[in-house]
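Shown next, in structure tokens, is the structure this report addresses.
The values are calculated or read from the model by the stated rules, or taken from the named source; none is laboratory data. What you are looking at is a predicted structure, and each value in this text was computed from that prediction instead of being measured. Cβ placement follows ideal geometry from the backbone for every residue including glycine, while neighbour counts extend to all protein chains displayed.
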Amino acid sequence: MFIQTESTPNPATLKFLPGQQVLEAGTADFPSPEAAEKSPLARRIFAVEGVTGVFFGPDFVTVTKDEPVDWSHIKPAILGAIMEHYQSGAPVIDGEEGHGAVAHADHDGPDAEIVVQIKELLDTRVRPAVAQDGGDITFHGFDRGVVYLHMQGACAGCPSSTLTLKMGIENLLRHYIPEVVEVRPVAV
């Protein structure tokens, strides 16, 4: 098994490409070891000292490290953990049903039509580009022209995330949907 790695815009995050499917659909975010309880793969990665976050996409694993830890010290152990997992035959997530679904928040009410347009643009234009960088962005809410988005994986805590939100996503949404006036991040 050959696992490729790619840097991301977030220096604290590295993208690992195992050369096979990680999740059948969607994404899964594990911001802490406690959150990784249902994932044998995430638990193995969190066992590496210095790992602070694990994120799964369809064909990649994004790992976030503690700031003072050097990638050269933990990258071999992470590669080993991923390889051991795939050789073990264990599932990526125990009882995988219901996991990997698109994690957009539900929204109904007077702005339901606008929210459908927002989610469509996120799914077709934003999320594929963000996945290239090892992350995901999901819809969290819409209130009085403000779109609230949840950033995951490499996007969470990325130094360029504010620029991505304001100059990229906000401009895109405002261009196509005049009712959108601002985009803000939320922590879930």
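Where residues in the stretch 117-161 are small (G, A, S) and in contact with a Ser or Thr (Cβ under 6 Å, 6 or more places away or on another chain), which of them is farthest from G57 (Cα to Cα)?
For the stretch 117-161, the residue satisfying everything is A154.
Restricting attention to the stretch 95-113, and to residues there that are loosely packed, with under 10 Cβ neighbours inside 10 Å, of a type outside the set (D, E) and modelled with pLDDT of 55 or more, which single residue is farthest from E24 (Cα to Cα)?
P110
For the stretch 131-188, give me the residue count where each residue is in a helix (DSSP H, G or I), crowded, with 16+ Cβ neighbours inside 10 Å and within 18 Å of the chain's Cα centre (by Cα).
The number of residues fulfilling the criteria is 6.
Between a first residue in the stretch 45-56 that is under 18 Å from V22 (Cβ atoms) and in the same structural domain as A81 (by TED's automatic domain parsing) and a second residue that is among the acidic types (D, E) and surrounded by fewer than 20 Cβ atoms within 10 Å (Cβ to Cβ), which pairs have beta carbons less than 8 Å apart while being 6 or more apart in sequence or on different chains?
Going by the 8 Å Cβ cut-off, the qualifying pairs are V51/D66.
On the basis of being in the same structural domain as T27 (by TED's automatic domain parsing), assigned to a helix (DSSP H, G or I), modelled with pLDDT of 90 or more and of a type in the set (A, V, I, L, M, F, W, C), does I118 make the cut? Let's see the steps before the verdict.
Working: in the same structural domain as T27 (by TED's automatic domain parsing): no; assigned to a helix (DSSP H, G or I): yes; modelled with pLDDT of 90 or more: yes; of a type in the set (A, V, I, L, M, F, W, C): yes.
No, not satisfied.
Among the residues of the stretch 1-42, which ones are over 15 Å from the mean Cα position of the chain (by Cα) and buried (at least 18 other Cβ atoms within 10 Å of the Cβ)?
P18, S39, L41, listed by residue number.
For the stretch 47-59: of the residues being closer than 23 Å to G95 by Cβ and crowded, with 22+ Cβ neighbours inside 10 Å, which is farthest from the chain's Cα centre (by Cα)? Outline the logic, then answer.
Start the filter on the stretch 47-59 by keeping residues that are closer than 23 Å to G95 by Cβ, which leaves 47, 53-59.
Filter once more, so that each one left must be crowded, with 22+ Cβ neighbours inside 10 Å: 53-57.
Numbers: G53: 10, V54: 9, F55: 6, F56: 7, G57: 7 Å.
Only one residue fits best here, namely G53.
Looking at D123, is it within 18 Å of the chain's Cα centre (by Cα), assigned to a strand (DSSP E or B) and among the acidic types (D, E)? First the steps, then the outcome.
On the way: within 18 Å of the chain's Cα centre (by Cα): yes; assigned to a strand (DSSP E or B): no; among the acidic types (D, E): yes.
No; evaluated as a whole, the condition is false for this residue.
Here is a yes/no grid of residues against (1) outside the structural domain of V63 (by TED's automatic domain parsing); (2) of a type in the set (D, E, K, R); (3) under 24 Å from F30 (Cα atoms):
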site	(1), (2), (3)
E84	no, yes, yes
I93	yes, no, yes
R127	yes, yes, yes
G134	yes, no, yes
A154	yes, no, yes
H175	yes, no, no
